[in-house]
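K.L.:
One structure, pasted below without further comment.
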Amino acid sequence: MKRISPTIVLFSTFLAASCAGSSQAESANSVSTESSAALAAYEMPRTHVAPIKQSNKDRQYELYIKLPENYSENTDAKYPVIYTTDAVVHMDMLSGSTEFLMPNVILVGISYQKNLGDERANASRFRDYQMAEYTDPEIQARFQGGQVSAHLDFIRNDVIPYIESRYRTIPDERTYFGYSLGGAFGAYILFAEPDTFKHYILGAPAFNPRSLQIVDELEAKTAPHQGEMNVNVFVALGDLERDEDKEAVDHFMSVLQRRSQSDMTLTGLEIIKNSDHAEAFPETAIRGVRWLAAMNSEVISTHDEEN
């Protein structure tokens, strides 16, 4: 995921000399330190962590699972599921968005590999979400790019069965949410194994020339089977993205448009105004969830009537 340098904001606290002496300040600092040490970590409501291992590799991950508010009371209800990569970054935003726009949904965040041993906690994303090997030999040696097929197998064979065997889900209403490199990984899933998800929310997908070529090749392989995908796709991009990234996403949209007349519902490219790659993320999540809520409203009503 591309990152901008964080803005450092300095807050200055001024104490009135008439109200506090040096001994009082030392006492206050001591109490503050002790209180901070005793503070518990914040826990997202109705959310728990489930360890999960990739079945054919020694790779340990975690699933961050958030259930709807009345899940335990409405024991006959079944729910659509949103699966997201880059979970530690995405879960907060998706949780807030769905709380207001789509409360009756299960969220599943897929963590980065926990036992990789790299000093960077997110190092596995550059292996798991990157379609092609890196052209720089040193970078490739470190991150082992081009293993999207293995990560997709993990999601299909381990993650989804884990969730659907333990929670009341609607298997035909799975959604994938990915942003940046995770958005490009979603494009790979869309054409490699389109039935993995029914809905795809792809924010600012970070393609390079080789990954775009792979998307073209996958689309060409599935073209003879037009009419079988039956998917819905939402794509968003900030209008302040670099020109080469805009061109890459425009090319991807042209690939999608070749299929949108047959077996794909496509929103068209959602432009996030006055936003670069990082700034477009929050609104992408909100718009994507709003779109998904509209797509699911009729489905949930029909499902309830049938059951």
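No lab work stands behind these numbers, since they all come straight from the coordinates. As the structure is a prediction and not an experimental result, all values here were calculated from the model. No Cβ is skipped: glycine too gets one built from the backbone with ideal geometry, and neighbour counts run over all protein chains shown.
K.L.:
Do any trypsin sites (Lys or Arg not before Pro) in the stretch 51-104 lie in a loop, going by DSSP, with at most 14 other beta-carbon atoms within 10 Å of their beta carbon, and if so which? Don't jump to the answer; show the numbers that get you there.
P.N.:
Details: sites: K53, K57, R59, K66, K78; in loops: K57, R59, K78.
Those that pass, being in a loop and sparsely packed, are K57.
K.L.:
Among the listed pairs K66/K198; K114/K198; K198/K246; K114/K221, which are separated by more than 30 Å between their Cα atoms? Show your work: numbers first, answer last.
P.N.:
Numbers: K66/K198 20 Å; K114/K198 28 Å; K198/K246 26 Å; K114/K221 35 Å.
Too far apart for the 30 Å limit: K114/K221.
K.L.:
Taking neighbour counts of Cβ atoms within 10 Å as a proxy for exposure, in what order, fewest first, do M102, M253, M93 appear?
P.N.:
Details: M102 23, M253 16, M93 19.
Least crowded to most crowded, the residues run M253, M93, M102.
K.L.:
Something else: Rounded, prolate or oblate, given the Cα gyration tensor of the stretch 197-307, with a/c below 1.5 counting as rounded? Working shown, then result.
P.N.:
Details: a/c = 2.86, a/b = 1.22, b/c = 2.34.
Oblate.
K.L.:
Could I ask something else about it? Assuming a ≥ b ≥ c are the square roots of the Cα gyration tensor eigenvalues, decide whether the stretch 107-238 counts as rounded (a/c under 1.5), prolate (otherwise, with a/b larger than b/c) or oblate.
P.N.:
On the way: a/c = 1.84, a/b = 1.19, b/c = 1.56.
Oblate shape, in that a/c is at least 1.5 and b/c is the bigger or equal ratio.
K.L.:
Each label point is 7 Å from the Cα along the Cα-to-Cβ direction; what then is the distance between the points at R166 and A50, in nm?
P.N.:
Result for the modelled spin labels: 0.3 nm.
K.L.:
Continuing with this model, one more query. How would the stretch 65-122 be classified by its alpha-carbon gyration tensor: rounded, prolate or oblate, with rounded meaning a/c under 1.5 and the a/b versus b/c comparison settling the rest?
P.N.:
Values: a/c = 3.59, a/b = 2.19, b/c = 1.64.
Prolate.
K.L.:
I've got another one for you. Report the Cα centroid-to-centroid distance between the stretch 203-257 and the stretch 125-148 in angstrom, as an integer.
P.N.:
Result: 20 Å between the Cα centres.
K.L.:
From the phi of every residue in the stretch 230-245, what ³J(HN,Hα) in whole Hz does the Karplus formula 6.51 cos²θ - 1.76 cosθ + 1.60 yield, where θ is phi - 60° and glycine or proline is x?
P.N.:
6, 10, 10, 10, 10, 10, 10, 8, x, 6, 9, 4, 5, 4, 5, 6
K.L.:
Would you please name the GluC sites (Glu not before Pro) within the stretch 167-264 that are DSSP coil residues with at most 12 other C-beta atoms within 10 Å of their C-beta?
P.N.:
Working: sites: E173, E217, E219, E228, E241, E244, E247; in loops: E228, E241.
In loop regions of the stretch 167-264 (DSSP not H, G, I, E or B), the sparsely surrounded GluC sites (Glu not before Pro) are E228.
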